[in-house]
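Chemist: The structure that follows is given in the form of C-alpha cells.
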Amino acid sequence: MRIWKSSLYPIGKILFAVAAALLIISIFFPWWGMTLVAPQYPEGLHLVVYPTKLENMNDLDILNTLNHYIGMKEVNGKDFAELKIIPIVLIAFAILSLLVTFTGKMKYGVIVLGLLCIAGVLGLYDIYHWLSDFGMHLDPKAPIDYKPFIPPMVGENQIANFHTTMGFKLGAYLLGLSFMLMVIAAWRFRK
Amino acid sequence: MNGVKKGWFTPLISGLLVGVLIAVVFFVNFKQLNSANNSKLGANESAAEKTYVPPGKLDTYYLFASGGHSGNVFVYGVPSMRRIRTIPVFTPESAAGYGWTTESKKMLGKFTWGDLHHVAISETKGEYDGRTLFATDIQNNRAAAIDLKTFKTVDILGPIANLNGPHCAAFVTPNSEYIFLPTRFSAPIGHEYADVSQFKEKYKGVMGAVQYDFNKKKLHLAWEVMLPPWSYDLSDAGKKSSDGWGVMSTYNTEEANTTLEVGASQNDRDYLVIFNWKGIEKEVAKGSYSVINGAKMFDPVKTPGYVFLVPVAKSPHGVDVTPDGKYYISSGKLSPTATIYDWEKTFKAIKNKDFQGEAKGLPVIKYESVRHKEVEVGLGPLHTQFDGRGNAYTTLFIDSAITKFNIKTGKVIDKIPVQYSPGHAAAAEGDSVSPDGNYLVALNKLSKDSYLSVGPSHPESLQLIDISGEKMKMLYSAPADPEPHYAQMVKADKIKTIEVYPKDTKRPNSVWKEKDAHIVRHGNKVDVYGIAVRSHFVFDAKSKTPDVVHVNQGDKVTFYITNIDLDEDITHGLGITSYNENMEIQPGETNSFEFTADQSGVFPLACTNFCSALHQEMTGYLLVKPK
Ligand SMILES: [Cu+2]
C-alpha cells in the first residue's frame, strides 16, 4: 500500500499538529445538546453534554421532575462512565497525531485515522444507545401513558408539550474539523 | 467511511451559523430595541397609550403602597397600575400560609392585625437601593423588614418599648443607618397608669431609632429620644448637605388630652422638631442616656444642643426634605400655605442661638430667620413630593387637588384635581436625592362614584399623574383596598429578585431527595422531614404509604417540607383539613408548621398551590390514632 509507506510534507505535518490541538481544545466545549421548549418554558430547558460532564444541572433537575410523568428514569451525570473515558481517549489521539507530526510517517497517520473512524462510530452508537435506553424503557405505571420512542440524535421531535431540538455542538465540530485536517493531510500533502 | 464525507458539509454550515449567532449575540443590543418606545412619555400619546403595557411586557416601576389596617403591603406596576402582589406583613394571610408557619407565627407574636402606615425602601447614598423595604405598624408599635429578593417579611421588631403609634415612620437615613419611628400618641412611658389629668407631667412623646442588620436580616432598637407630650407626625431625613439631621412635624402642642379635634387646633403655630441624629448617636455612645424599659433613652433637655423646634403653620401633617437636601417643606393642614425652610439658615440660627424662646425646655428657632418662602398652595396641604427639576407637588386634602410649585421661587405653576382627598403622593424615586420626574401617584382617601359600586364601603384610589411636562396630566385611576397610606415608587431594574431558593443541602431540616424523606419520633414528639415535588408528597420514603403520616392523639407534630422543584413558579402548599394548618413552600424553600394532634381520626392533606396537571392528586393523609 502506497499510503502506508509514504511520508508527509511539512504542511501535512503541521495539519496533524493542528488536528492534535483541536482534539484537546474540543474537550472544553460542548459536544452535544438538547433544547426543550414548551408554552410554560418559552426560555427553554437546556441539556448540554461536554466530553467530561453534563451541564445545566438545574435544568436537568427540572427535566427529571418532568420526566417522571412519562416514567423516564432519572438522567444523572454519574451514570455515564464515558465522561471519564472520553477525555483520556482524546488525549491519546492527540499524542498519536503529534507522533505523526514528529516522525512524518504516514503509517501512524493511517492508524490514527482508522482508530478515529472506529471511535467515531462507537461514539455515535453510544449516544444512540442512551437515547434509546431512556426513551424505550418507560415505567409502564407512569401517570401519563406514553409510547416508548427513540429521539433523533440530530433533529427535532415532539414529546408531550415539549418541542425538542437535538444536535451536535461546537466541540463535535472541532472534532470533525480535526478529522478532516488529517484526511486533507493524507490526501494532498504526502509524498 | 460515510461519516467522513458528511463531516465536510455539516461543520462548514454550522460554523457559519455559529458565526452569525455570535455576531448577533455580541453586536445586537436587544434591550435597546425593546426600550426605545418605552423610555420617554410621548407628549402626544393619549393617557391610554401612556399607561398601556401589552401582555408579556413589564412595567418600568414598582410601587410599594402601604396597606394600612390590612397590615399588608400592596405592590403595583407603574404605569399600568396593575396590582402584582400583596405582601403580608402584620396580618396573617392564608394564600401565603403567612401566620401558620413556625417562622411567621413567631414574627407575628400575639397580634393578628396591624396598621401598616409607612413604607421606606432602603437607601445607599440617598438613592433607593432596592434591597429591603421597611414598614411600621402604628397600632402595635412594631417595625418590619421585607427582603426585596423574595418579597417576604423577614423580621418584625416589637412591640418596641415606650412607643405609642409610630405613624410617620418609617423614614430611612441616606445610607440606611436608621429607621426612625416617632410616636403619634403621647402616653406615660411603658403604658404605666396615670390619669389624663396628669397629661402635661406624666405623658411623653418618644422617637425610636431602629437599625437593620442587612446580613443577619434583623432589626433592633438602637436608642430613643424623649420628647414633649405632643403628637409627632410625618418626618424625613436630611440629605446631602443636611445629612445627619432629621425633621418631623408635630401637632397638639396645646397638650390637649381629650376632644383633640378642637383641643389640638387652638394654637396658631405648631412645631417642626429638628434633630441631629449623628450627634445623638455620639452622645448615646458616650453614655448620655438612661435605660427605660430596656431602651436607651436620650433626653434632649438634659443634654442640649441636638434637638430644636421651628414654628410651623397650624396642625402640620408632614414635612419633606428636597432632593438636593437644601430645603424642607411643611404645611399646616388647617392653613392654606406651605412653608419652604432653608437648612443652611437653620444651621446658622442654631450656631448663633437665634432663638425666639423655649418650649418644654427645647429651644425654638426664630421662624423668620429660617424661612425661605411661603407658598399659597390651597386648602388642607399635607405631603410634598419632588420631580428632580426643582419643583414640588403638595397634596391638598380639602381641595382634593395637587399643587405644583417651584421650590426656589415659591411660584405656583399648576394645580390638578384628584378624586378625592389625597393624603400622600408618591413620585417616581420621589424620596431619593434624584427623583425621576415622570410619574406621581396620588393616594386618595375617598373614591365615591369613581368605580362600580360595591355598596356603602368604597375602595380607596391611586391616581397616576404624568408630571413630565409643565402641566400635570391625569393618566389612570386604580381602586385599592383600604388603605394605601403611603407609597414609594422605585425603578424596576433596581429590584433584583430570586426566582428559586438556592438548593442549600446544609439548610436545617431540609431534605433534597425523595428517598431521604423520613419521620422521627421521640416519645410524643413527631417530626416529619418531607418533600413536595410535582405532583406528590413524600413524608416517609421507606413506608409503603409514603404520603401518609401516622401519629397518636396528643402528639406534638412538626412538618418540615422542602419543595425540591427548583423550577420557576412551581410553588407547592400544604393544608390539613380540619386542623387549621396551612403553609406555602416556594421552589427550593423549606417551610414548617407545628401543632398538637388533639383531634383523632383521618384528616386528608393536600397541596394548596396549583402546581401541575396532577395537582389534584397531590394529596395524603394525617392519621391520628385515638387515645
Ligand atoms: Cu403541588
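Chemist: Among the candidates B:Ile585, B:Ile564, B:Ile570, which residue alone is within 14 Å of the ligand (Cβ to nearest atom), within 14 Å of chain A (Cβ to nearest Cβ) and touching a strand residue (DSSP E or B) at 6+ places or on another chain (Cβ under 6 Å)? Let's see the steps before the verdict.
Modeler: On the way: B:Ile585 fails: within 14 Å of chain A (Cβ to nearest Cβ); B:Ile570 fails: touching a strand residue (DSSP E or B) at 6+ places or on another chain (Cβ under 6 Å).
The match here is B:Ile564.
Chemist: Among the residues in region B:505-522, are any among the aromatic types (Phe, Trp, Tyr), more than 14 Å from the ligand (Cβ to nearest atom) and within 14 Å of chain A (Cβ to nearest Cβ)?
Modeler: First, pick out the residues of region B:505-522 that are among the aromatic types (Phe, Trp, Tyr): B:512.
Remaining after also requiring more than 14 Å from the ligand (Cβ to nearest atom): B:512.
Keeping just the survivors that are within 14 Å of chain A (Cβ to nearest Cβ) gives B:512.
Yes; the residues of region B:505-522 include at least one that is among the aromatic types (Phe, Trp, Tyr), more than 14 Å from the ligand (Cβ to nearest atom) and within 14 Å of chain A (Cβ to nearest Cβ).
Chemist: Where in region B:55-146 are the strands (runs of 3 or more DSSP E), entirely inside, with at least 3 residues that are in contact (Cβ under 8 Å) with a residue 60 or more places away in the chain and open to solvent by less than 10 Å² (accessible area, probe 1.4 Å)? Don't jump to the end; show me each part of the working.
Modeler: Values: elements: B:61-66, B:72-78, B:82-88, B:116-124, B:127-137.
Qualifying strands (runs of 3 or more DSSP E): B:61-66, B:72-78, B:116-124, B:127-137.
Chemist: Something else now. Could you check region B:176-294 for strands (runs of 3 or more DSSP E) lying wholly inside it with 1 or more residues that are open to solvent by less than 10 Å² (accessible area, probe 1.4 Å)? Can you show your working first?
Modeler: Working: elements: B:179-182, B:203-213, B:218-227, B:231-237, B:245-251, B:269-276, B:290-292.
Once the strands (runs of 3 or more DSSP E) in region B:176-294 are filtered for at least 1 residues that are open to solvent by less than 10 Å² (accessible area, probe 1.4 Å), what remains is B:179-182, B:203-213, B:218-227, B:231-237, B:245-251, B:269-276.
Chemist: Here's a follow-up. Could you list, in sequence order, all residues of region A:99-148 that are within 14 Å of chain B (Cβ to nearest Cβ) and over 30 Å from A:Ala160 (Cα atoms)?
Modeler: Scanning region A:99-148 gives A:Val110, A:Val112, A:Leu113, A:Gly114, A:Leu115, A:Leu116, A:Cys117, A:Ile118, A:Ala119, A:Gly120, A:Val121, A:Leu122.
Chemist: What about A:Gly135, is it among the small types (Gly, Ala, Ser) and open to solvent by 30 Å² or more (accessible area, probe 1.4 Å)? I'd like the intermediate steps shown before the answer.
Modeler: Details: among the small types (Gly, Ala, Ser): yes; open to solvent by 30 Å² or more (accessible area, probe 1.4 Å): no.
Judged against the criteria, A:Gly135 is not a match.
Chemist: Evaluate the following for A:Lys78: is it surrounded by fewer than 16 Cβ atoms within 10 Å (Cβ to Cβ), without any contact (Cβ under 8 Å) to a residue 12 or more places away in the chain and more than 13 Å from chain B (Cβ to nearest Cβ)? Steps first, answer last, please.
Modeler: Working: surrounded by fewer than 16 Cβ atoms within 10 Å (Cβ to Cβ): yes; without any contact (Cβ under 8 Å) to a residue 12 or more places away in the chain: yes; more than 13 Å from chain B (Cβ to nearest Cβ): yes.
Here the answer is yes, as A:Lys78 does meet what is asked.
Chemist: Now for a different question. Take the residues in region A:33-47 that are open to solvent by 20 Å² or more (accessible area, probe 1.4 Å) and either within 13 Å of chain B (Cβ to nearest Cβ) or within 14 Å of the chain's Cα centre (by Cα) (or both); name whichever of them is nearest to A:Ile86 (Cα to Cα).
Modeler: So in region A:33-47, the residues open to solvent by 20 Å² or more (accessible area, probe 1.4 Å) come out as A:34-35, A:37, A:39-40, A:42-43, A:46.
Narrowing the set further to residues that are either within 13 Å of chain B (Cβ to nearest Cβ) or within 14 Å of the chain's Cα centre (by Cα) (or both) leaves A:34, A:39-40, A:42-43.
On the way: A:Met34: 20, A:Pro39: 36, A:Gln40: 35, A:Pro42: 33, A:Glu43: 31 Å.
Step by step, filter region A:33-47, then rank; the result is A:Met34.
Chemist: Residues in region B:484-499: is at least one within 14 Å of chain A (Cβ to nearest Cβ) and farther than 30 Å from B:Glu49 by Cβ? Give the derivation first.
Modeler: Within region B:484-499, the subset within 14 Å of chain A (Cβ to nearest Cβ) is B:498-499.
Filter again for farther than 30 Å from B:Glu49 by Cβ, leaving B:498-499.
Yes, that holds for at least one residue.
Chemist: While we're here: Restricting to region B:573-582, name every residue that is within 9 Å of the ligand (Cβ to nearest atom) and either within 14 Å of another protein chain (Cβ to nearest Cβ) or of a type in the set (A, V, I, L, M) (or both). Break it down into steps so the answer makes sense when it comes.
Modeler: If we filter region B:573-582 for residues that are within 9 Å of the ligand (Cβ to nearest atom), which is where we start, we get B:573-574.
Across region B:573-582, the qualifying residue is only B:Leu574.
Chemist: Tell me which strands (runs of 3 or more DSSP E) are completely within region B:299-341 and hold 1 or more residues being open to solvent by less than 10 Å² (accessible area, probe 1.4 Å) and hydroxyl-bearing (Ser, Thr, Tyr), or say none if there are none. Steps first, answer last, please.
Modeler: Working: elements: B:307-313, B:316-321, B:327-332.
Passing ranges, in order: B:327-332.
Chemist: Looking only at region B:523-555, count every residue that is within 16 Å of the ligand (Cβ to nearest atom) and either part of a strand (DSSP E or B) or hydrophobic (A, V, I, L, M, F, W, C) (or both) and tell me the total.
Modeler: Start the filter on region B:523-555 by keeping residues that are within 16 Å of the ligand (Cβ to nearest atom), which leaves B:530-539, B:546-547.
Okay, now just the ones that are also either part of a strand (DSSP E or B) or hydrophobic (A, V, I, L, M, F, W, C) (or both), so B:530-533, B:536-539.
Residues that pass the stated criteria total 8.
Chemist: Okay, next question. May I ask you to list the residues in region B:588-627 that are hydroxyl-bearing (Ser, Thr, Tyr), touching a residue at least 60 places away in the same chain (Cβ under 8 Å) and away from the ligand (no atom under 14 Å from the Cβ)?
Modeler: Answer for region B:588-627, where residues must be hydroxyl-bearing (Ser, Thr, Tyr), touching a residue at least 60 places away in the same chain (Cβ under 8 Å) and away from the ligand (no atom under 14 Å from the Cβ): B:Thr590, B:Ser592, B:Tyr621.
The values are calculated or read from the model by the stated rules, or taken from the named source; none is laboratory data. Computed from a prediction, not measured in an experiment: that's the story for all the values here. FYI the Cβ positions are ideal-geometry reconstructions off the backbone, even for glycines, and counts take in every protein chain you see. With ligands, DNA and RNA removed, areas are computed over all heavy atoms of the protein, side chains included. Shrake-Rupley method; radii C 1.70, N 1.55, O 1.52, S 1.80 Å.
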